[in-house]
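The values are calculated or read from the model by the stated rules, or taken from the named source; none is laboratory data. This structure is a prediction, so every number in the text was calculated from the model and none was measured. In this analysis, Cβ positions are derived from the backbone assuming ideal geometry, glycine residues included, and neighbour counts consider all displayed protein chains. Quick note on the areas: whole protein, heavy atoms, side chains included, nothing else; ligands and nucleic acids left out. Shrake-Rupley method; radii C 1.70, N 1.55, O 1.52, S 1.80 Å.
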Amino acid sequence: MSEKALEHQIQILKKHNARLARLARDARSKLSAALDGTGLCLWQLDVPTGKLIIYNRRWGSMLGYQPKELSAQFEIWREHLHPDDKQSVLDAFYDHLHGKTPFYEALHRMQHKNGTVTWVLDRGRVTEWDEQGNPLKVTGTHIDMTKEKQYEEQLALLANHDPLTGLANRHALITHFAQLKAQGPLCIAFIDLDDFKTVNDTFGHRSGDELLIQLSQRLRDTCPPGVVVGRLGGDEFVLLLPFPLTSLLVSSTAQQCLNAALTPFELDNGQAQVGASVGIDEVQEQDDFVNALRRADRSMYQIKHTGKNGVAIGQTLISHSRSGTHP
């Protein structure tokens, strides 16, 4: 082949190579756009060197770092694993690397630059081995699951908490009831507000809601550690007290909750006053939540029928605030 023909052939190969490079860049750009649109990140680890290749997003972007602020290295990734998840994630990764599992998968937390937590779903598998069967390349994906985890937490919050006051709702109370009953003595208190309808009629339902929110916080602050405070709805509240009926903590907590209800409430459009009738009974071995609550409800109605604004403990001991008036 003549020198001229060889030079011509080289030019053709260069043009062909440039065309392939353009096609590769275009394909990578399309892949990047497609993956970024789903929040999915494609990565490959060179096992011997620990070098990471991030195909569609620069390493560290989901953790709040600017491009090139973090090195794309396995050690850097490992350093940013959340301390509580680190060991389980590494165990899952090395189990796959050593052939114990067909692939690597872990849903875990990583530490964001701003101090918050980023949830990541990692998946990968070995895609290349050396002649001795040792893994050389691991290819996989990771996806930011933070919003999904936050959504799960919000759903869990809604499922177990009263949306107005943030107290435990009926579902959560039933769960706590079973747990506390299995641990030892347990009392249940039923609190029904007195004259709450007057507040709604006088100040409006928005102010009534504000009163319930304020009272909920007072009950939280009043109750000793271990007591579960819940709202059944309307102006009905429930306490789960992990103490025997004879405990001074039961009677003192009940009186303090009564005082919390009797103390006037400062609302946006005026000062409001309510009272409370409180009934308490001890949970028996055969009781479920409904039966125990029913007995506490009967105790509460002893107060309702004898002047309101008081506490009934069991079926015998009944006490009222002074003349049923506000302190």
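Points to keep in mind about this one:
- In sequence order, segment 169-178 has phi-based couplings of 8, 4, 4, 5, 4, 4, 5, 4, 4, 4 Hz under the Karplus curve 6.51 cos²θ - 1.76 cosθ + 1.60, θ = phi - 60°, and Gly or Pro positions carry x.
- Zone of residue 220's modelled label, taken as backbone nitrogen in segment 130-173 under 14 Å from a point 7 Å along Cα→Cβ: 161-169
- Classification of segment 191-327 by its C-alpha gyration tensor yields a prolate form. The axis ratio a/c (a ≥ b ≥ c) is 1.5 or more, and a/b outweighs b/c.
- For the chain, the dipole from Cβ point charges (+1 on Lys and Arg, -1 on Asp and Glu) about the Cα centre works out to 1240 debye, to the nearest 20.
- Between residue 194 and 275, 276, 277, the built amide H atoms are under 5 Å apart, and every one of these is 5 or more places off in sequence or on another chain.
- Counting only alpha carbon atoms, the long axis of helix 205-222 and the longest principal axis of the chain meet at about 90°.
- Cut-off 17 Å, label 7 Å out along Cα→Cβ of residue 290, residues of segment 155-173 by amide N: 170-173
- Options (1) 51, 19, 18; (2) 67, 24, 14; (3) 45, 24, 17 - which one matches semi-axes √(5λ) of the Cα gyration tensor in Å as calculated here: (2)
- In summary, the aspartates and glutamates within cross-link reach of residue 308, defined as a Cα separation below 16 angstrom excluding same-chain residues under 8 places away, comprise 192, 194, 195, 235, 236, 297.
- When the surface is traced with a 1.4 Å probe over the full set of protein chains, residue 119 keeps roughly 50 Å² accessible.
- The chain: angle of helix 248-262 to the longest principal axis, Cα-based, in degrees nearest 10: 90
- Per residue accessible area in Å² of the chain, where ligands, DNA and RNA are left out and the probe is 1.4 Å: 56
- Solvent accessible area, Å² - residue 305, 1.4 Å probe, full protein context: 150
- Zone residues, segment 94-123, relative to residue 151, backbone N less than 16 Å from point 7 Å out along Cα-to-Cβ: 119-121
- Placing unit charges on the Cβ atoms only, positive for Lys and Arg and negative for Asp and Glu, gives segment 68-132 a dipole magnitude near 280 debye about its Cα centre.
- Across 128, 282, the residue with the most accessible area heads the list, and the full order at a 1.4 Å probe is 128, 282.
- Computed over protein heavy atoms with a 1.4 angstrom probe, the accessible surface ordering of 137, 308, 147, 197, largest first, is 147, 197, 308, 137.
- Residue among 201, 192, 144 with the largest mean-square fluctuation in a Gaussian network model of the chain, springs linking Cα atoms under 10 Å: 201
- Estimated Rh, segment 129-190: Kirkwood, alpha-carbon pairs, angstrom: 16.1
- Carbon and sulfur %, accessible surface of the chain computed with the full protein complex present, 1.4 Å: 53
- Entries in 149/197; 86/137; 113/181; 86/147; 100/149; 14/51 that, when Cα-Cα distance is taken, lie over 32 Å: 149/197; 113/181
- 3J(HN,Hα) along segment 102-113, derived from phi through the Karplus expression 6.51 cos²θ - 1.76 cosθ + 1.60 where θ = phi - 60°, amounts to x, 7, 9, 8, 7, 9, 8, 9, 10, 8, 6, 4 Hz, with x in place of Gly and Pro.
- Anisotropy class of segment 139-230 from Cα gyration tensor, a/c 1.5 cut: oblate
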